[in-house]
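Here is the structure we will look at.
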Amino acid sequence: MEVTQVLLNAQSIDGAVRKNAEESLKHFQEQNLTVFLLLLSGELVSEEKPVETRKLAGLILKNALDAKDQQRKVELVQRWLSLDGNAKSQIKAGLLKTLSSPVSDARSTASQVIAKVAGIELPHKQWPELVGSLLSNVHQLPAHAKQATLETLGYLCEEVSPDVIDQDQVNKILTAVVQGMSASEGNTDVRLAATRALYNALGFAQANFSNDMERDYLMRVQAIPALVPMLLETLLKQEEDQDQDEGAWNIAMAGGTCLGLVARTVGDDIVPLVVPFIEENVTKPDWRQREAATYAFGSILEGPSPAKLIPLVNVALNFMLSALTKDPNSHVKDTTAWTLGRIFEFLHGSAVDSPIITQANCQQIVAVLLQSMKDTPNVAEKACGALYFLAQGYEEVGPSSPLTPFFQEIVQSLLTVTHREDARESRLRTAAYETLNEVVRCSTDETAPLVLQLVPVIIMELHNTVEGQKLSSDEREKQSELQGLLCGCLQVIIQKLGSSESTKYLFLQYADQIMGLFLSVFACRSATVHEEAMLAIGALAYATGPDFAKYMPEFYRYLEMGLQNFEEYQVCAVTVGVVGDICRALEEKVVPYCDGIMTQLLKNLSSNQLHRSVKPPIFSCFGDIALAVGEYFEKYLMWAMSALQSAAELSTHTTGDDELIEYINTLRNGILEAYSGIFQGFKNSPKTQLLIPYAPHILQFLDGIYMEKDMDDVVMKTAIGVLGDLADTLGSHAASLIQQSVSSKDFLNECLSSEDVMIKESAEWAKLAISRAISV
């Protein structure tokens, strides 16, 4: 058979010729596979043959080794392993020889076939010399062979599982790849192949990257000196309108994002590489250079130590405050405000030893930010963001905050921003309310009277949105967005003023008015508003306590609507949380509403329509209800326990990706919180014995999750708490069951020696409860 001609015919534009050639190839392969593969590899290796046939020969060879269908793949692997050893050696030698071919298509095809053979042979401890011979190629050959060898190493890392190659060889592969990327390698094709190979080799580098010293070494030696100057260059490639478009993404933004990731990885080492670029460009007449310098500075503020950055910030701060008000270019002002926000986010607050904001410069900073809030929407939005982090840094400063003298002015300026004609551009109104919320949340007792004065203002604003005018759909959307922001603002104010007795008393005079408004917002009927208003009602219930009962007759139907909202499952989840808040506020006064609530929650659990993320909070909610109503929960006990039991079984035998494990832990936590609430609710009641039949299953569940060894700290704390609750509530009835349990002793000891204070405290309490139960 004249292979070259058949391979040319197989690519013919004449269908009949092509079909005939494909039939011949298929027939030959079935007749004598060994000779067929030898001929193909001979075609690929021969420099006399046309490039088209060499490429197709390699492709057929590759397809003879691998298939998408798993069963077919297993067959092909077995077929190759059972081939004559001499033939295989001849084929492999030919493939390696092709890596130094002057024809790039032939080299590239050979690279892929070598990786496929390696994927079959290396796990079977065959072809052990492959990696060594590839590595020796990297160091001496002409550039094109070097490039093909690096490409092969890249494919190899993709095909072969990391545990097949020993760590020493993995290290050598990574070193070769990193050297191939370095600036000292003159050939760009080689550097590109090395960079692509690194992408595939990262899976192999797991061990190296999980070792901090090695990872940082790799980043410092391969990456930083070559990468950082290149990234800084990209920062100068801005687009004229990038600040106006919310979803904008371009090379300059990508470069800044990557620079930020490098800074987080290598820390202090990046600073000396970036500072000269900043110093050189920050005062240039071209706005692009000034903006790029500022963006570079803002991008490296997370990662390096405060000790390394604070001296730079102290020098730069005045310059930046001046640029924010005086620079003629809007892009530069936008980035300057963003960078100030990053400074306040990462280098200001109780965790930082040497403060960058002092009595001396605080007033100037606030004045400049408030001034910038009058700038174009995109600059004003970034100024709000900077003020947000400025306020957040003073969250735990004790009785007096440096922002107290400016509180009134800050609040007034933010409210003014929310009324700007252009406040819907660049998310400006949302940013202003978010910042107002943070300023309120982080304020101290000194400004409580001023927060109280804000209540009627926000009430009035919300009142204006629910006045019954006929709205177009666009206006309705604007209205609901504004209602959401105002409800969110009221929620923060309620939490702030409700947290201390003196202000709570003064605030509660507005409670009826506020609740009336929330009910009017529900009547406007829009999902997002439901969510914000619902959250605010949860906060109001918490603040008003048992008095919240007077709002229940009117509010209950909206609560039920929220629980039935499967479509917008976040609304449903928030409503479930609010049921918990109401139970804590009303305690036994919630009884008249329990039938309706429990019926709906059980319905939600059995539905396939409802998003799975809502199910864990529903279980927690069972616990809240049981805790509130005590032994009255008896009428729901059988249903609740049955649902908990099914979910508990589902959550113990699982394997899956990180996302699934995370969900399973959330589910376990919800189930455990339910058990905990039920035990505590029935404690000291004559009906405690109703729980005894469920105890063995609960202990079995605890054994199960302990054995799985994949619970997170939150679940661990709740689980050991449930063991304590069970002993505490059931007393001597629980003693023998706990003693028989497979792992409760080990679990308890593990928790007692935990470094997590919360887990340790829970475990100590559980130990006490168990010893009391056993000694009875």
Acute angle (nearest 10 degrees) that the helix 448-466 long axis makes with the longest principal axis of the chain, alpha-carbon atoms = 80
The chain, accessible surface, carbon-and-sulfur percent (1.4 angstrom probe) | 53
Between helix 634-650 and the chain: long-axis angle, C-alpha atoms, 0 to 90°, nearest 10 | 20
Backbone HN-Hα couplings from phi across region 756-768 [Karplus 6.51/-1.76/1.60, Hz, Gly and Pro as x] | 7, 4, 5, 5, 4, 4, 4, 5, 5, 5, 4, 4, 4
When every protein chain stays in place and a 1.4 Å probe is rolled, Val590, Val45 sorted by accessible area with the largest first are Val45, Val590
Just order 188-194, 602-608 by mean Cβ neighbour count inside 10 Å, highest at the front, would you?
-> 188-194, 602-608
Of the cross-linked pairs Lys55/Lys116; Lys382/Lys478; Lys68/Lys97; Lys146/Lys172; Lys284/Lys326; Lys237/Lys308, which ones have a Cα-Cα span greater than 18 Å in the structure shown?
-> Lys382/Lys478; Lys68/Lys97; Lys237/Lys308
Lysines with Cα under 20 Å of Lys683, excluding same-chain neighbours fewer than 8 positions away = Lys589, Lys635, Lys767
Which whole-number value in Å² is the accessible area per residue of region 539-596, probe 1.4 Å?
-> 44
Treating cross-link reach as a plain straight distance, find the lysines whose alpha-carbon is under 19 Å from the alpha-carbon of Lys496, omitting any fewer than eight places away in the same chain.
-> Lys504
May I ask you to evaluate 6.51 cos²θ - 1.76 cosθ + 1.60, the Karplus curve with θ = phi - 60°, for each residue of region 415-423 and list the ³J(HN,Hα) values in order in whole Hz, giving x for glycine and proline?
-> 5, 4, 4, 5, 9, 4, 4, 9, 5
Percent of Cα-Cα distances greater than 27 Å, calculated over region 479-610 | 16
Accessible area in square angstrom per residue, region 3-220, 1.4 angstrom probe = 50
Which value, in Å² and to the nearest 10, is the accessible area of Ser100 when all protein chains are kept and the probe is 1.4 Å?
-> 60
With a probe of 1.4 Å, find how much accessible area region 401-476 has per residue, and write the answer as a whole number in Å².
-> 48
What's the percent breakdown of Cα-Cα distances in region 3-220 across 5 Å bins, shortest bin first?
-> 1, 7, 14, 18, 18, 15, 11, 7, 5, 2, 1, 0, 0
Probe 1.4 Å, all chains present, heavy atoms only: Lys709 accessible area in Å², nearest 10, is 130
As computed over region 477-541, the Cα convex hull volume per residue (Å³) = 64
Tail beyond 19 Å, pair distance distribution of region 715-776 (Cα, percent) | 20
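The values are calculated or read from the model by the stated rules, or taken from the named source; none is laboratory data. Since this is a predicted model, take the numbers as computed values, not measurements. Virtual Cβ from ideal backbone geometry, glycine too; neighbours counted across all protein chains shown. Note: accessible area is taken over every heavy atom of the protein model, side chains too, but ligands, DNA and RNA are not part of it. Shrake-Rupley method; radii C 1.70, N 1.55, O 1.52, S 1.80 Å.
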